[in-house]
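See structure below.
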Amino acid sequence: MQQNLNRNIQQLTALVKNAGNKKLLWEEMQIISKKAFELQDLIMADLDEIETSETDITKIQAAFAARESIWDMMKQITTRELELKEKTHRKETLAEREKRHQEALSEDDHHHCCCGHTHSDDCHHQHPDHCCHKGDKSCQKK
């Protein structure tokens, strides 16, 4: 059991190191996070067993210290995961949407719908339900 525990802790430590990679993609981080939580479950089960079966106070204290260390590593992984998620899935702000809308309206060669579509002259016949064909100049797409 001790060997499995040490091996799992080493694997989790390696995952924390990999999570710190600046070139890491969101999809890769999801894989790392999933594996880290699986390892955490295994490690915590081993630590629970040590804490309930061990009589040596030094080993029990070491198990508690290891548990806190695992929590710290998991916090690092989840913090990094949130950073990547926010960076990858950033929402368009109102100012950015307005700027995109104004740029679309300022182009002369095509009619631009407020929802971001570029339409040719025959678009009205193909898509009569678009807000731009109903005379609505405000952006309807959220």
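The values are calculated or read from the model by the stated rules, or taken from the named source; none is laboratory data. Note that the structure is a prediction, hence the values are computed from the model and not measured. With ideal geometry, Cβ positions are generated from the backbone for all residues, glycine too; neighbour counts draw on all protein chains shown. Side chains are part of the model used for accessible areas, which takes the heavy atoms of the whole protein and leaves out ligands, DNA and RNA. Shrake-Rupley method; radii C 1.70, N 1.55, O 1.52, S 1.80 Å.
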Exercise for the section: Just list whichever of LYS22/LYS91; LYS34/LYS91; LYS22/LYS85 have alpha carbons separated by over 18 Å in the model shown. Expected result: LYS22/LYS91; LYS34/LYS91
Handout entry: Per-peptide average of other Cβ atoms within 10 Å, ordering 3-16, 22-35 highest first
Key = 3-16, 22-35
Problem - 1.4 Å probe accessible area per residue over segment 26-98, in Å² - result: 70
